[in-house]
Each structure stands twice: as C-alpha cells, then as structure tokens.
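Engineer: Submitted below is the structure of interest, expressed as structure tokens.
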Amino acid sequence: MSQGKFYVQDRSLLRRYLVVIGSLGSILLGLLFSYNLLTKPPEVKGDDNKPKGLTSMFSIYGFEGDRLNKPISVATDANGNIYVADSAKHRILVFDSSGNYLDRFGEMGQNKYQLWYPNSVAVADNGKVYVACKQSNRIVIFDSSHKPTWQIDLSQPLALTIKNKRLYVATPRGIMIGDLNGTLINTFGTRGPKPGQVDFPTGIAVDNKGNIYVADSMNYRVQAFNPEGKSLWAYGKPPKKGNALMDMNRTFGLPGSISIDSDGILYLVDSFGGEIYEIDSKGKVLDKVGDWGHAEGQFYYPAGIAYAGNETFVVADEFNDRVQVIRIPSPVISPIGRVSGFGIPVAALIALAALVLWTLHRRTFRYVLDEAFLKEALNKGYAASLIHRLGNVYVTEAVFERYKDKEENGIKLGELLKTKPFSPELANAIAAEQKCSIEEASILSLAKELKGRIVVLTENNKVIEASKSLDIMAKRYDDLVDSLGERAAEKPA
C-alpha cells in the first residue's frame, strides 16, 4: 500500500458490501413510506362510475352427492366455518372455510324444535346456533354440538343477527332486540313506508357502535337506526302505489340480506338485480359489484351474505343452488394496525422489517403432477380437494386438455389446474440423459422451468428416480396425503 492511495484487494467483497448497503437502504425507504401510509387518515378510493368487480374463490354445491336446494341464508363462526340455511331441504349445513363438509343438523317438520323452510341463521360466540323459520313462527336454538335445546315462539321472524351478546330479529312490523336467552330488551318500528317504519325487512346487521342497519325489502330501501331505534338515514325510496315491480325508478330490484365488514362498510345484496351494493355508514353508495348469471362469480336471485374476514364474503346464491365464497376489495383504505403513543410505532416498524425480510427469503411451493398421479387421486375420489388445497398445481397442456372437463363432486378440474408450455429442447435433453420417454421428460422439463420450490407428484418410478438425479423433490399420492394430514383426504363440498 503506497501513501495517499488505497487499493481494494477483494473487489467481490466490496460488491457484496455495496449490495448489503443498497438493500438496507431500500428497506429503510420502504419502511418510511409504509409508516407514512399507516399514519394517514382513512380515505375512500374509486368512484361510482367505475365499479370494481369481485374475485370468485370457490363455490359449495353440496356434499357427497347431496346437492343444496335453495340456500337462503349464510353465517360464519369464530373459526371461519360456514353455516348454510338449506331452505328447501329444511336443514342447516356446516362447512369449513375451504368448503369442506363438516356437519348437518335440524329435523324437518313443524313440531317443536323442527325446521320448516329455515330462512335465517346466526351463530353466537359460544357456538350456539339460532335458526329462524318464518313459516312455522319460531326461532330454534341449537347448542354448540348442534343439538336443539329450546325455541322462541315468534310471528314471522325474517332475519337474525348477533352482536355483543344481543340477538337482533327483523319482523314484518319492526325490529326486536333480546339477549341470547330470549329475554326481550327493546323493540322499535312499525309497518309502513314512512321514515323509521319498515315493511318485510329481510336483512339486518349491527356495527361496533350498536347502530342497526336494515334491508327494508318491500320499501325498496336500506335504513339505519341508532341503538335506541331512532332513524338515522335511508337510501332508496318506497315505491309509488300500485305494482312495485313495475316501478322502473326504484333504487333496488329487491334489497335482501346485509352484512358489515371490518371497515364498517355495508354490503347489501340486491336479490332481483344480482348485485352487491357497498354503502358507507352514512348512507353513501361507494360501489356496486356482481353480475347476473350462472357462471362462477355471477348470481341468480342471491339471498344471503355474511362477512368472513379479510375481504372475503359468503353469498347464498339461492336460485343457482349454491353458496359462493368471493373476495371483494374494500373501497376504504384504512391504516392497518394503526398505533399511537411512545414506542409502539417503532415496534410496528420492526415487525414490518421482519415481514419484508421474511418475504425476501420466502420460496413458494409449486406442484407439477403427471397423469398417473391424477388418475390415482381420481380413483380415490380426492383429486379436487387435494388440488384446491395445494393451490399452485401445474400439468402439461396435453394432460390439461384431457382432464379439464373431468368433474369430481361438481367441480371441473380445469378450474383448479394450471398449465404452462415446457421447452421441447430441454425435454429431449432430459429424455436422453435419464433414458425416459418424452412424456415423462415433459413433466421434468416443466418442473425445471417453473420458479420457486418445486414438487413433482407422480406414481411413475422412472420419474421419481429422474427427479432425484435432477435435484427435484418428488412424492407419491400416499406420501403426499400423509404429509398433509387427514384433511387432505376429505372430499370437497
């Protein structure tokens, strides 16, 4: 080393230092931007002229060959399980958050504790289930093991919801509020078209402040009330005298069920319009999503809606004889985990930094399966449930074309499988090196070209041996099911 000069002996070490410094600088800038975003007040995005859509996640058509028939109401519990009032079959069905069948309960009939065209269902925090049957004038209560324990005799209960250990019931003439043991606490409203009156409301929801929102169906409007029952606002107007359905100026086709998300936004099902309205807590329409039809993500006389968390909703798509689980982007940008006070913002930044670093190192599993594995899964009857649980499942284009229309439990495999072209040159090279067929090599070629952590699913011994030599993880059907646990072998709903 000569005076006045500095020579770097290891330039690769310097480059590594520069990369580390650059990465830390990028993370710091990201943290500052995120902190600024988190401390901004909530704001509404989008406008009425550009409504957003929705994402169809999956649909529930039934279980083990037993189809739904006019599902009219849905609810979720603290574990994310989905409760369905399967009206025309006089029962309540329970599915987990992935749509797997868990239970059914309710005896058909009009005697004590029996269900007759159940039209609304609500679940308390303690697991008790409340079921309204307006045609038999009762609310039947089931314990957490789904055994009937008692009932409330009440004329035409139309809709139920539970909030803060209170049971809210919409009736044709007004709203009733009681505790979970059936003791009446308050009632308000009379039947009619004036502000504060209701006419056959079929949806009810309560926010964290205790304000009550009612889908005032035959008045073709949604109304808001304070906890004491005073009318706050109404959106929509009662129809003029005569045939309401011929009034082309009415706001809604027919307002049905209503739910509230974690941002306090109302989601109102328009049963005759096939749409879902997004309305803020002051009665302003923020958006409309949904479409009329029979395809996934479309609705045909939808009846019920329930919020399942994380922008996810469960919809009773009544005349499509299914329940849809959809994702609707929230129209409100709200601070996530907003914190205030000394020390807490620093903790939030540290947690965010850990999340960023975890994301940088995270590698996503992707699965490539061949026809032999797919046949084995179909023979066992669990192909759809396995593919749905794994998520990123790829096949070659040839396998996709052969199996895309194959149905299992009402689900087409083409809706679950993904495909991507593979390199013929790489496949030929693998076939020559591993002494396997082009079809076997195509699976391996596809696996080599996909990014992330790859698992080949196969029943073919030659493909398994070739995968090992190419440093690719491979599993048979039985090995995969064992690694995933018992739920992997459940049939999808």
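The values are calculated or read from the model by the stated rules, or taken from the named source; none is laboratory data. Predicted model, so just to flag it, every value in this text is computed and none were measured. Note: ideal-geometry Cβ built from the backbone for every residue, glycine included; neighbour counts use all protein chains shown. Ligands, DNA and RNA are stripped out before the accessible areas are found, and what is left, the full protein with its side chains, is counted by its heavy atoms. Shrake-Rupley method; radii C 1.70, N 1.55, O 1.52, S 1.80 Å.
Engineer: Would you grab the residues whose amide H sits under 5 Å from the one on Lys288? Only those 5+ places off in sequence or on another chain, please, with H modelled 1.01 Å from N.
Structural biologist: Answer set, sorted by chain and number: Lys52, Glu278.
Engineer: Kindly write out, for region 253-264 in residue order, the coupling ³J(HN,Hα) from the Karplus curve 6.51 cos²θ - 1.76 cosθ + 1.60 (θ = phi - 60°), rounded to whole Hz, with x marking Gly and Pro.
Structural biologist: So the J values, rounded to whole Hz, are x, 6, x, x, 6, 9, 9, 10, 8, 6, 8, x.
Engineer: Ranked from highest to lowest mean number of other Cβ atoms within 10 Å per residue, what is the order of the peptides 72-79, 302-309, 476-483?
Structural biologist: Put in order of decreasing packing, that is 302-309, 72-79, 476-483.
Engineer: Another question, then. Would you please put 129-136, 411-418 in order of how densely packed they are, using the mean number of other Cβ atoms within 10 angstrom per residue and starting with the highest?
Structural biologist: 129-136, 411-418
Engineer: Give the span of region 61-154's Cα atoms along each principal axis, as three whole-Å numbers ordered largest to smallest.
Structural biologist: The Cα atoms of region 61-154 stretch 35, 28, 18 Å along their principal axes.
Engineer: With all protein chains present and a 1.4 Å probe, how do Ile185, Ile21 order by accessible area, largest first?
Structural biologist: So the residues, ranked largest to smallest area, are Ile21, Ile185.
Engineer: Moving on to the next point. In bins 10 Å wide, starting from 0, what share of all Cα pairs of region 164-209 does each bin hold, as a percent?
Structural biologist: Computed distribution, short to long bins: 28, 51, 20, 1.
Engineer: Here's another thing I want to ask about it. In Å², and per residue, what accessible area does region 365-493 have when probed at 1.4 Å with the other protein chains present?
Structural biologist: With all protein chains present, region 365-493 gives 50 Å² per residue.
Engineer: Round to a whole number: what % of the accessible area of region 60-164 belongs to carbon and sulfur, probe 1.4 Å?
Structural biologist: 39
Engineer: A further question follows. Please compute the per residue accessible area over region 171-283 with all protein chains in place, 1.4 Å probe, rounded to a whole number of Å².
Structural biologist: Per residue, region 171-283 has 44 Å² of solvent-accessible surface.
Engineer: Moving on to the next point. From the backbone phi of region 106-115, what are the Karplus-calculated ³J(HN,Hα) couplings (6.51 cos²θ - 1.76 cosθ + 1.60, θ = phi - 60°) in whole Hz, Gly and Pro given as x?
Structural biologist: Working through the residues one at a time gives x, 9, 6, x, 10, 7, 4, 6, 8, 10 Hz.
Engineer: Mind pulling the per residue volume of the convex hull built on the Cα atoms of region 87-140? Å³ is fine.
Structural biologist: Value for region 87-140: 82 Å³ per residue.
Engineer: Assign one of three labels to region 96-246, namely rounded, prolate or oblate, based on the Cα gyration tensor with a ≥ b ≥ c the square roots of its eigenvalues; rounded applies when a/c is under 1.5, prolate when it is not and a/b is larger than b/c, and oblate otherwise. Walk me through the numbers on the way to the answer.
Structural biologist: Details: a/c = 1.89, a/b = 1.58, b/c = 1.19.
Judged from the Cα gyration tensor, region 96-246 comes out prolate (a/c at least 1.5, a/b above b/c).
Engineer: Can I ask one more? By how many nm would the segment from Gln110 to Asn126 grow when fully extended, if each residue of separation counts as 0.36 nm and the alpha-carbon distance is taken off?
Structural biologist: Working: separation 16, 0.36 × 16 = 5.76 nm, distance 2.67 nm.
Value of the extension gain: 3.1 nm.
Engineer: Of Glu64, Glu465, which has the most accessible area with a 1.4 Å probe, and how do the rest follow in descending order?
Structural biologist: Most to least solvent-accessible, the answer reads Glu64, Glu465.
Engineer: Something else: Hey, how many Å between the Cα centroid of region 48-125 and the Cα centroid of region 382-448?
Structural biologist: A separation of 34 Å, based on Cα centres.
Engineer: Pop a pseudo-label 7 angstrom from the Cα along the beta-carbon direction at both Glu228 and Lys418 and give the gap in nm to one decimal.
Structural biologist: It works out to 5.6 nm between the two label points.
Engineer: With the convex hull built on the Cα atoms of region 386-493, state its orientation-averaged projected area in nm².
Structural biologist: On the way: hull surface 27.5 nm².
One quarter of the hull surface, i.e. the mean projection, equals 6.9 nm².
Engineer: Using only the Cα atoms of region 379-424, what semi-axes does the equivalent ellipsoid have when each is the square root of 5 times a gyration tensor eigenvalue? Give whole Å, largest first.
Structural biologist: One finds semi-axes of 19, 12, 8 Å for region 379-424.
Engineer: I've got another one for you. Got a sec to turn the phi values of region 67-83 into Karplus ³J(HN,Hα) couplings, 6.51 cos²θ - 1.76 cosθ + 1.60 with θ = phi - 60°, whole Hz, x for Gly and Pro?
Structural biologist: 8, 5, 9, 6, x, 10, 8, 9, 8, 10, 10, 5, 8, x, 5, 10, 10
Engineer: Here's something else I'd like to know. Keeping the other protein chains in place, figure out the carbon and sulfur percent of the accessible area of region 441-488, with a 1.4 Å probe.
Structural biologist: Values: 980 of 2370 Å².
Carbon and sulfur: 42 percent of the exposed surface of region 441-488.
Engineer: Could you tell me the center-to-center distance, by alpha carbons, between region 176-242 and region 135-168 in angstrom?
Structural biologist: Using only Cα atoms, the two centres lie 18 Å from each other.
Engineer: Further question: Residue separation times 0.36 nm, minus the C-alpha to C-alpha distance between Arg67 and Leu378: what's the value?
Structural biologist: 109.9 nm
Engineer: Any idea what the alpha-carbon Rg over 2.2 N^0.38 Å comes to for region 206-296?
Structural biologist: Cα Rg divided by the expected 2.2 N^0.38 Å: 1.10.
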